[in-house]
Structures are given as structure tokens and as C-alpha cells.
Amino acid sequence: MTPNSLTPNALDPDILRLPFYTDAHRDRARRLAQWCEEQAPLWTELRTDDPDKAVRRALAALGGAGWLDFLAAAEPGSDGDCRAVCLAREALAYAEDLADFAFSIQVLSATPILRHGSPEQRQRYLPGLAAGTLAGAFAVSEEQAGSDVAAVALTAERDGAQYVLNGAKAWIANGTVADVVCVIARTGEGPGPLGLTAFLVPGDTPGLRVREPIEAMAPRPFAHLVFEDCRVPADAVLGRPGRGFVVAMDLLERARVTVGAAALGFARRAADAAQAHVRRRAIYGGVLFDLPTVKFELADMEVQLNAASLLVGRAAWELDQGHRGFAKHSSIAKLHATEAAQRIVDRCVQLHGAAGLVAQSLPERLYRQVRALRVYEGASEVQQLTIAGALDARRAR
């Protein structure tokens with residue numbers, strides 16, 4: 001294995017052989033991993049682009065190669081193929097953070113349209129999202145409403161055949177580039193979560209603007225958005241009025257397991273980099289790999305990777321099979337995989353020593369890139385509460 005190779009462990013062949021996956025999954029995953037390696041020059045260029053341009057270029061590459069085609073091909077209301085999305089995120093995260101980011105936000109933005117959109121909404125947005133010519137965003141978070149979706153305060157008041165949106169959204173991925181934004185707003189059909197509605201708002205709608213771009217630890221196009229007398233037609237409602245909370249939670253429960261898959265990609269890249277480094281780093285007349293303490297570190301990484309792979313595979317399979325209670329497994333997979341990835345990346349930096357602290361080195365990039373995964377799509381603490389709540393429900397039966 002060469003230090004810069006992407007293919008040896010981008011996807012664990014032992015895990016792919018498990019019955020969670022079909023031959024079609026295995027074939028697509030291997031082809032995507034190979035494509036990612038062929039795109040290595042592009043990934044290098046993206047790191048020198050500004051985040052807006054980098055995401056646009058990544059979307060164009062993904063769409064042009066057909067890796068987003070499933071967004072336009074799925075049947076209305078389809079659950080999709082979570083296992084395929086997870087394998088894609090794992091391979092992309094292993095190769096390049098911005099590639100995974102572009103893919104994941106595109107899927108996040110398209111999924112509510114796939115599951116809840118009208119035929120007209122699907123026809124208007126999904127072909128462009130699949131081709132990578134449109135960029136999507138999903139706007140639920142506010143500065144005072146993150147994990148607590150029911151606390152959303154942005155309002156959408158009915159005015160004849162239109163709705164008027166006023167308020168703000170915070171920390172929105174693709175906020176600076178989005179051509180269409182799925183917005184969760186308060187329409188007041190009921191209290192708390194019962195009074196929310198989802199809207200599809202074109203990015204160029206008058207009254208929608210970027211309040212400020214956010215410079216994140218890992219360069220990505222985040223922004224705070226402002227809605228000032230932003231008017232949209234009534235047919236911009238996604239699903240039905242008062243069902244916005246259902247749209248949001250339906251999406252987040254499905255997305256969480258894919259975050260675990262991305263964590264696997266980052267962690268596997270870190271583990272491969274650590275092993276390559278310790279096998280060539282001379283010390284005490286031998287190499288770092290000869291030290292028992294280093295072997296213990298590598299062994300622990302392998303255990304953590306295998307456990308995370310199994311949990312992600314099981315959760316994605318549960319979702320694809322339509323099993324009730326998959327949300328608990330999605331939370332378990334996200335919690336374990338993201339926490340394990342943080343530990344593995346940290347140990348990768350440690351094993352590299354001073355070389356791991358150099359700006360733009362692989363360990364340093366991974367260290368910045370992996371941190372966000374423990375926060376978005378529900379922080380680790382939220383996942384613990386969800387899992388504990390599922391235990392209470394089981395005891396009640």
C-alpha cells in the first residue's frame with residue numbers, strides 16, 4: 001500500500017461481503033472508490049478554491065459522472081437506498097472532505113422533495129439536483145433552535161395565494177450557493193411542532209439573502225440566512241401545511257446513519273495514514289511499528305472501525321427494509337461512528353508527532369474535518385437521549 005493510495009481500505013472488503021449488502025451495492029461502491037482515486041488532481045485543486053467554487057466544481061463532477069442520478073430516478077415517496085448512500089459517503093469522505101460535503105448536502109436537500117414533493121416540485125428541482133447543475137440547502141437550524149426543531153421561530157404568514165417569510169436561519173450548509181432551499185417555518189396550525197411547515201424557496205427569491213458567510217474550521221460554504229418579507233406561492237409548500245416537523249424529523253432520522261458512514265471514511269483514511277507512517281518512521285534502530293504501544297493503538301483503531309462499520313451497515317439495512325425502530329439504530333450508528341472517528345483521527349495526529357500538526361497535512365486536515373460530524377444532524381448528546389428514550393419505550397411494551 002502506498003501512503004497516498006485511496007483504494008486499499010476506502011471500503012472494507014470484509015464488511016462489503018456481509019449480507020447487509022447486495023452485489024449491486026458492492027459493484028457501485030468499488031466503482032465509486034476507483035472514480036474517487038482518478039479524481040485525485042481535482043480534489044487537490046478544490047482545497048485551493050474558495051468553498052463556494054469548490055462545492056460547485058464538486059457537484060459538477062459528481063453529477064457529470066452520474067453519482068447523483070438516483071435523486072431523479074427514485075419513485076415518489078421512496079425510502080431510497082440508504083446502504084448505497086452510506087457506501088458513497090464513506091468512499092467520498094475517504095477521498096476528499098469537500099466531495100463528501102457536496103454529495104451529502106445534495107442528498108439532504110433532495111430527499112424531502114423525493115419523499116414529500118408534488119409531481120411539479122419533483123420535476124422542477126430533482127433533475128438539476130441530480131445533474132449537479134443546481135445546488136440545494138436544507139434550512140431548519142436557527143441560533144436559538146438547533147437540535148430543538150420544535151423551537152423554530154421563522155414565520156410564514158398566509159397572504160392570499162402567497163406566504164410571507166420573516167426571520168433567520170443559522171449555520172446553513174450551502175447557504176451561500178443554494179439554488180433552492182428547503183425551509184422549515186412556523187405557520188401556526190398548532191403549538192410547538194404542530195405549527196411548522198416546509199417550503200421550497202428558490203435561492204434568488206427577493207427577500208432571501210445571506211446575512212453573513214461563516215468561516216468554519218474546515219472550509220465549507222456555511223451561512224446565516226435572513227428572510228425579509230420573502231414571498232413564495234402557496235405551491236411552494238412541501239407536503240402539507242402543519243407537517244414541517246414530520247418532514248424535518250423524517251429527513252434527519254434517515255440522514256444520521258449516513259453521517260456515521262462519512263465518519264467511517266474519515267477514520268479509515270486516518271488509520272491508513274497512521275499505519276503507513278509508523279511503518280516507515282525510523283526510531284530506536286527500527287520503526288515506530290515495532291513498538292508494542294503503537295501496535296496497541298493500531299489494533300484499537302481496527303476494532304473501532306469494524307464496530308462502526310457493522311453498526312452503520314445494520315442501521316442502513318434496517319431503514320431499507322422498512323423496519324420500525326430504525327431511528328434508534330440510526331442514532332446508535334451515528335453516535336458510535338462519529339465518536340470513534342474523532343478518537344482515531346486524534347491518534348493519527350499523535351502518531352505523526354510534530355508532522356501531524358503541520359497546516360494542510362493530511363492528519364491536520366482530517367482533524368479539522370471530522371469534528372463537525374459530532375454536532376450536525378443531532379449532536380452526540382441528542383443521540384444519547386434518543387437511544388435512552390427508545391430503551392424506555394421497549395420497557396413499556
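The values are calculated or read from the model by the stated rules, or taken from the named source; none is laboratory data. Bear in mind the structure is a predicted one, so any value in this text is a computation, not a measurement. Methodologically, a virtual Cβ is constructed for each residue, glycine included, from the backbone with ideal geometry; neighbour enumeration extends over all protein chains shown. Please note that ligands, DNA and RNA were not included when accessible areas were found on the heavy atoms of the full protein model with its side chains. Shrake-Rupley method; radii C 1.70, N 1.55, O 1.52, S 1.80 Å.
Things to note:
- Summed over the range 141-169, residues that are surrounded by 20 or more Cβ atoms within 10 Å (Cβ to Cβ) and more than 16 Å from A198 (Cα to Cα) total 0.
- Only one of the listed residues (A84, A91) is touching a Cys at 6+ places or on another chain (Cβ under 8 Å) and closer than 28 Å to W317 by Cβ. That residue is A91.
- Checked against the criterion of being farther than 20 Å from P219 by Cβ and either without any contact (Cβ under 8 Å) to a residue 40 or more places away in the chain or of a type in the set (A, V, I, L, M, F, W, C) (or both), the candidates L357, L366, L319, L362 yield just one match: L319.
- Selection of the range 265-279 for residues being touching a residue at least 40 places away in the same chain (Cβ under 8 Å) and either under 18 Å from E96 (Cα atoms) or open to solvent by 70 Å² or more (accessible area, probe 1.4 Å) (or both) yields G265, F266, A267, R268, R269, A270, A271, D272, A273, A274.
- Of all residues in the range 223-242, those satisfying the criterion of being touching a residue at least 60 places away in the same chain (Cβ under 8 Å), more than 15 Å from R158 (Cβ to Cβ) and open to solvent by 10 Å² or more (accessible area, probe 1.4 Å) are E228, G239.
- Yes/no for Q360 being open to solvent by 70 Å² or more (accessible area, probe 1.4 Å), of a type outside the set (D, E, K, R) and at positive phi: yes
- M249 being loosely packed, with under 15 Cβ neighbours inside 10 Å, hydrophobic (A, V, I, L, M, F, W, C) and either within 18 Å of R124 (Cα to Cα) or touching a residue at least 60 places away in the same chain (Cβ under 8 Å) (or both): no
- A single entry from L305, L288, L351, L373 fulfils the requirement of being open to solvent by less than 30 Å² (accessible area, probe 1.4 Å) and in contact with a strand residue (DSSP E or B) (Cβ under 9 Å, 6 or more places away or on another chain): L288.
- Considering the range 308-319, the residues that are out of contact with any Gly (no Cβ under 8 Å at 6 or more places or on another chain) and open to solvent by 20 Å² or more (accessible area, probe 1.4 Å) include one that is nearest to A274 (Cα to Cα), namely L310.
Yes/no per residue for (1) open to solvent by 30 Å² or more (accessible area, probe 1.4 Å); (2) farther than 19 Å from L264 by Cα; (3) assigned to a loop (DSSP other than H, G, I, E, B):
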| residue | (1), (2), (3) |
| --- | --- |
| L18 | yes, no, yes |
| A33 | no, no, no |
| T48 | yes, yes, yes |
| V85 | no, no, no |
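- Residue selection: F70 fails the criterion of being modelled with pLDDT of 95 or more, of a type in the set (F, W, Y) and either out of contact with any Cys (no Cβ under 8 Å at 6 or more places or on another chain) or surrounded by fewer than 22 Cβ atoms within 10 Å (Cβ to Cβ) (or both).
- Positions within the range 95-120 being within 11 Å of the chain's Cα centre (by Cα) and of a type in the set (D, E, K, R), in sequence order: D97, D100
- The residues of the range 183-216 that are polar (S, T, N, Q) and either under 17 Å from A173 (Cβ atoms) or part of a loop (DSSP other than H, G, I, E, B) (or both), listed by number, are T187, T205.
- Qualifying residue in the range 204-219 (condition: closer than 30 Å to Y367 by Cβ and open to solvent by less than 20 Å² (accessible area, probe 1.4 Å)): yes
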